[in-house]
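Down below is the structure, laid out as structure tokens.
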Amino acid sequence: MLRQLEEESAKKLETKFPALDSRQQDEKSAPSIEYRRSAETPKVESRKVEPRKVELEPFELPVFDFPKDEEDEISPNSGVRESTTSEGSLQKKLEAMTLEAMKAQAGVHYSRTQARKQIETLRRQAEENSRVGETKTDSAAEISRENSLQKESLSSAQAAFETAENDSFPEVDAVKENSRRQTSSKSTRSPRTVNMTTKGKKNPKDKKKKRVTAGKIIAVIVVLLILVIGGTGWYGYNYVKSGVEPLDKNNQTMKAIDIPAGSSSKQIGEILQRDGIIKNGMIFQYYTKFKNYTEFKSGYYNLAPNMSLSTIASKLEKGGTEKPVAPTLGKILIPEGYTLEQISKAITINSQEKKAKTPFTTAEFMKTVQDPAFIAKMAAAYPNLFASLPTKESGVKYQLEGYLFPATYDYTKSSTVESVIENMIAAMNAQLTPYYDTIASKNLSVNEVLSLAALVEKEANNDDDRRNVSGTFFNRMNAGMDLGSNSAVLYAQGQLGEKTTLEQDATIDTNLDSPYNLYLNTGFGPGPIDSPSLSSIEAVLKPTDNDYLYFVADVTTGKVYFAQTLDEQNANVQKYVNDKINK
């Protein structure tokens, strides 16, 4: 094929360039090369490349954008069609090299430097192939002959290139000069180059760089995902936490909330959120479900924004009222065993908040509980409770002492001192209502029961001791003995409820002239000395049946020790009172 190309090209060149005959004749003698692959290379059938025919008549040269530097490589579209295989064959490269040399003779621009590089590359490949000694189908002699033919072909191609380099073609030079001027007038641009020796191969550094870049991208994505997930979790945690907390811890304003019958937890949450009681109705729904609050009742509820979800849910389970009730402003705590004087101070304190005050005063309270008109009004309203109320002439300190039940009471904007006191009296009446018949069956009066219960409240600290103390008091009264209570004497002295030392308690004046001195006076006393608890009242109505006539409490622990005889009592007093006081 190569020889045929050379012959056709020589005939056409003889007409235009007679001086080339000798060179063409030399090229005809160049043998064609059939390259055989080594055993290591996969056998790939290559397609023969048909050379282009050089049309010299009429003689028209294409215009190229030549590279600015002679060191630039040729364009891959220079006229040689590449092989369809990825590797190509050495024979095709030699044919292409020879054809390029012929084009250079005809005036087609070809980079001299690039030609040298290509020739050098082909020479190295030929030398490399000569070193390959293992083949499956070729003998050593055939390989040697092929290498020899390759070298002769290279020599012929190089000779043709050198001849074309040394010859002067005015027409070609004019075309080159014109191309250079066109190139210089254009903007600078990076030439396209083709690396003939490394085409089709990937740079390991590029692969490593790509891997590093991909790793960085993955790391950034992972960090972003962690940040997004973490931020979302933190936001969700704070969102739920804030929803569980009170809407406004400082806002105690009560609102009457109507919960319709059949309302679900979702609907209740929506109502509470709408009325400004909670932050989020959906959180209320899930919170009550998680905490197993399910028995919500309909009705009117007084709720405030400072209430927690658990407080609201507890109120909803207890049930509301059929009609709206004025919302409470605060609470008043009356402890068990308080006297009226102590209650007058407690009524000024809003127990719902520390250091908060109520609109009531001590003086107003004490004035009201001693007002005869108010007492008469209460006696008329609660006849069973006040059926045996002592008169002022009986020697009682306060007629209503012991008749106010100790508990916690709400007050509203419309509350007054009278209404608060009446609520306490009404509570005592409610506690005693189930026992009025029992009291009557025991031939006791309400005043006697409350008087004895008030003493029991001060002498014992637990239910067992209360019942034993109550039984002992009844044993002493049945035996015609006085009750001998220190608490009653302290009340007469105005010291009950105040802090007293052990010496003061042990050295009370048992000769004090007072109806409350139960060392000198027998019976229950003129009236209660404090507001007893329901446990003390029940202990009086259900006392323990025992044989004790005496008891004394340990001054350090409060434990009560009982005795049947005076000698046992004196021994207990010495052991649990005097000895501990003298230490």
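What the table below lists for this structure:
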item: Contacts under 9 angstrom Cβ, first residue in region 370-385 being without any contact (Cβ under 8 Å) to a residue 60 or more places away in the chain, partner assigned to a helix (DSSP H, G or I) and among the hydroxyl-bearing types (Ser, Thr, Tyr), 6 or more apart; result: Phe374/Thr368
item: Only listed residue being surrounded by 22 or more Cβ atoms within 10 Å (Cβ to Cβ), part of a loop (DSSP other than H, G, I, E, B) and touching a residue at least 12 places away in the same chain (Cβ under 8 Å), chosen from Gly480, Gly525; result: Gly525
item: Any hit, region 376-383, residues being out of contact with any Leu (no Cβ under 6 Å at 6 or more places or on another chain), modelled with pLDDT under 95, buried (at least 17 other Cβ atoms within 10 Å of the Cβ) and in a loop (DSSP other than H, G, I, E, B); result: no
item: Selection from region 293-302 of residues that are among the polar types (S, T, N, Q) and modelled with pLDDT of 85 or more; result: Ser298, Asn302
item: Options Gly281, Gly330: the member that is free of Cβ contacts under 8 Å to residues at least 40 places away in the same chain, under 25 Å from Gln252 (Cα atoms) and not hydrophobic (A, V, I, L, M, F, W, C); result: Gly281
item: Candidates Leu541, Leu534, Leu520, filtered to the one that is in contact (Cβ under 8 Å) with a residue 12 or more places away in the chain, surrounded by fewer than 21 Cβ atoms within 10 Å (Cβ to Cβ), out of contact with any Gly (no Cβ under 6 Å at 6 or more places or on another chain) and closer than 25 Å to Leu566 by Cβ; result: Leu520
item: Restricting region 323-360 to residues that are in contact with an Asp or Glu (Cβ under 7 Å, 6 or more places away or on another chain) and hydroxyl-bearing (Ser, Thr, Tyr), the residue that is surrounded by the fewest Cβ atoms within 10 Å (Cβ to Cβ); result: Thr328
item: Candidates Tyr411, Tyr403, filtered to the one that is modelled with pLDDT under 95, of a type outside the set (S, T, N, Q) and in contact with a helix residue (DSSP H, G or I) (Cβ under 7 Å, 6 or more places away or on another chain); result: Tyr411
item: Failed item in (1) in the same structural domain as Lys345 (by TED's automatic domain parsing); (2) touching a residue at least 40 places away in the same chain (Cβ under 8 Å), with Thr501 passing the rest; result: (2)
item: Some residue of region 386-397 being surrounded by 15 or more Cβ atoms within 10 Å (Cβ to Cβ) and basic (Lys, Arg); result: yes
item: Conditions (1) β-branched (Val, Ile, Thr); (2) over 60 Å from the mean Cα position of the chain (by Cα); (3) assigned to a loop (DSSP other than H, G, I, E, B); number of the one not met by Thr472; result: (3)
item: When residues of region 247-270 are limited to those that are in contact with a strand residue (DSSP E or B) (Cβ under 9 Å, 6 or more places away or on another chain), hydrophobic (A, V, I, L, M, F, W, C) and surrounded by 18 or more Cβ atoms within 10 Å (Cβ to Cβ), the one modelled with the lowest pLDDT; result: Met254
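The values are calculated or read from the model by the stated rules, or taken from the named source; none is laboratory data. The structure displayed is predicted, hence computed values, not measured ones. Every residue, glycine as well, gets a Cβ built from its backbone with ideal geometry; the counts of neighbours run over all protein chains shown.
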